[in-house]
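Below is one structure; the comments refer to it alone.
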Amino acid sequence: MSKISAAITAVGKYVPDYVLTNQILETMVDTNDEWITSRTGIKERRILKGKNKGTSFLAINAAKNLLSKTNVDPKEIELVIVATATPDMQAAPTSVYVATQIGATNAFGYDLIAACSSFLYAISTASSYIESVKYKKVLVIGADMNSSMIDYSDRTTCIIFGDGAGAVLLEPNEEGLGIQDEYLRSDGIGREFLQVPAGGSIEPATEQTIKDKKHFIFQDGRTVFKWAVSNMADVCLKILEKNNLTINDINWLTVHQANKRIIDATAKRLEFPTERVMTNIEKYGNTTSATIPLLLSDYEKQLKKGDNIIMAAFGGGFTWGSIYLKWAYNS
Ligand code: UT7
């Protein structure tokens, strides 16, 4: 029997209808379109509105979009992993609710929480299930409702983040396509530079934490920026080296969309041609766990069977890493 690898066999996406443009932000905080565009590359982001809607709403719709493009019966799905930094609620996993709502009634589910690297780590986890030969259909959804932890009077964060979700289905492949290798890293030094200080077990919610705005995201942007550029480039080089590849062997670079300057600086360090760097940050901003699957969805039609793709992410924690995959289908 030939070696089984885990291949992405379908993708899907969902972004909410409401578009928060730079022009609207200009009326909310002391900022302007020129600053946001030149410092981040972002023009607009999507925000989920409506009572009782959370990350599961985004994830369910991305999964339904994926299922509508395949012949897969949701009952065949064995595992649903929701990669997220903004689960619906504590203690009850978002993924379990999502699985039930999409009709994946034979699946078990759990959430994987690793900030902006959640999706990459989830792909690593899911591919191990497939390679074990015990599982044949694993759904990974990167979904985040970042607007739930943004202070819309803080100009340093409200201009960056957006809401969205992307889904991928992983299935066994015997042609040598799919996930080839990974290089995943983390360093707890990063905790102080990017966090939501309260609401977790260290500082549970109180009247005072709310008054002190400790349930909103805090980021030391400059420090995170420096770490992101050097480490994303580093893990891309490492995975190329591990697999005896050069930049010329790679068709697409698919990196976390946190800031256009980070994406460009990473590509420059790698001497990777910009036309083969996937980008959609201008439309969605930073959607945390959803950036990479949203890219795969948006570029799906341009991808060809056998294309070599390097995915890389960097985020809170710090967490970061790269995955090398061979695309498995023509759409
Ligand atoms: O996905 C998770 C990982 N996150 C990241 O990778 C994010 C990494 N960091 C960044 O993307 C960038 O650091 C930011 C976009 C967050 C900020 O850009 P920056 O070029 O690092 O700006 P800065 O924080 O150094 O601020 C420069 C100036 C400051 O004014 P002074 O002190 O020079 O007078 C800020 O107060 O820009 C000011 N500023 C703004 N001005 C207009 C900060 N935010 C804004 C704003 N509009 N929205």
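The values are calculated or read from the model by the stated rules, or taken from the named source; none is laboratory data. Keep in mind that what you see is a predicted model, and the values were worked out from it rather than measured. FYI the Cβ positions are ideal-geometry reconstructions off the backbone, even for glycines, and counts take in every protein chain you see. Only protein heavy atoms, including side chains, enter the accessible area calculation; ligands, DNA and RNA are left aside. Shrake-Rupley method; radii C 1.70, N 1.55, O 1.52, S 1.80 Å.
Observations
- Pairs of Cα atoms nearer than 8 Å and 6+ residues apart set the relative contact order; for region 180-326 it is 36 percent.
- Looking at region 123-209, the chymotrypsin sites (Phe, Trp or Tyr not before Pro) that sit in a DSSP loop and have at most 16 other Cβ atoms within 10 Å of their own Cβ are 152.
- For residue 37 and residue 186, a Förster radius of 45 Å and the Cβ-Cβ distance give a FRET efficiency of 0.90, rounded to the nearest 0.05.
- Placing +1 on the Cβ of every Lys and Arg and -1 on the Cβ of every Asp and Glu, with no other charges, gives the chain a dipole of roughly 280 debye about its Cα centre.
- Rounded to whole Hz, the Karplus (6.51, -1.76, 1.60) HN-Hα couplings of region 296-305, x for glycine and proline: 4, 5, 5, 9, 3, 5, 8, 7, 10, 3
- Residue 241 paired with residue 68, simple spin-label distance in nm, labels 7 Å along Cα-to-beta-carbon: 4.6 nm
- With contacts taken as Cα pairs under 8 Å and at least 6 residues apart, the chain reaches a relative contact order of 25 percent.
- Ordering 314, 229, 184 by Cα displacement along the dipole of region 180-326 toward the positive end leaves 229 in first place; charges were set at the Cβ atoms of Lys, Arg (+1) and Asp, Glu (-1).
- Sequence-distant residues sharing a close amide H with residue 314 (under 5 Å, placed H): 256
- Residue 222-residue 134 FRET efficiency (beta carbon distance; Förster radius 51 Å; 0.05 resolution): 0.65
- Of 212, 144, 249, the one that fluctuates the most in a GNM where the chain has Cα springs shorter than 10 Å: 212
- Note on residue 100 and residue 276: the model spin-label points, each 7 Å out from Cα along the C-beta direction, lie 4.7 nm apart.
- Relative intensity of the chain on a log10 scale, I(q)/I(0) at q = 0.07, 0.13, 0.15 Å⁻¹, equals -0.26, -0.93, -1.25, per a Debye sum over C-alpha point scatterers of equal strength in the absence of solvent.
- Of 210, 114, 6, farthest towards positive along the dipole that unit charges on Lys, Arg, Asp, Glu beta carbons give the chain: 6
- Amide hydrogen neighbours beyond the local backbone of residue 161, cut-off 5 Å, H modeled: 286
- Segment residue 151-residue 206, extension gain: residue separation times 0.36 nm, minus the distance between their alpha carbons: 18.1 nm
- Within region 6-41: backbone nitrogen closer than 19 Å to the residue 329 label point (7 Å, Cα to C-beta): 6-14
- As a ratio to 2.2 N^0.38 Å, the alpha-carbon radius of gyration computed for region 201-295 takes the value 1.39.
- Residue 92/residue 49 FRET efficiency (R0 22 Å; Cβ-Cβ; nearest 0.05): 0.45
- Accessible surface of the chain [probe 1.4 Å, protein heavy atoms]: carbon and sulfur percent: 50 percent
- Given charges at Cβ of Lys, Arg, Asp, Glu: region 18-148 dipole, positive-most of 141, 105, 54: 105
- For the chain, built as a Gaussian network whose Cα springs stay under 10 Å, the top-fluctuating residue of 66, 294, 240: 240
- When only alpha carbons are used to place a centre, region 86-150 and region 257-311 end up 21 Å from one another.
- Applying both filters, DSSP loop and at most 12 other Cβ atoms within 10 Å, to the trypsin sites (Lys or Arg not before Pro) of region 200-304 gives 304.
- Integer Hz, Karplus 6.51/-1.76/1.60 couplings in order for region 91-96, x for Gly and Pro: 6, 9, x, 4, 4, 5
- In Hz, Karplus ³J(HN,Hα) per residue of region 67-76 (6.51, -1.76, 1.60; θ = phi - 60°; x = Gly, Pro): 4, 5, 9, 10, 9, 6, 7, x, 5, 7
- Note that the chain presents 44 Å² accessible area per residue, ligands and nucleic acids not counted, probe 1.4 Å.
- Amide hydrogen proximity for residue 307: with H placed 1.01 Å from N in the peptide plane, the residues at 5 or more positions away or on another chain lying under 5 Å are 327.
- Choice from 197, 172, 16 showing the highest fluctuation, given a GNM over the chain with Cα pairs closer than 10 Å: 197
- Loop-located GluC sites (Glu not before Pro) in region 109-212 whose Cβ has at most 16 other Cβ within 10 Å (DSSP): 174, 175
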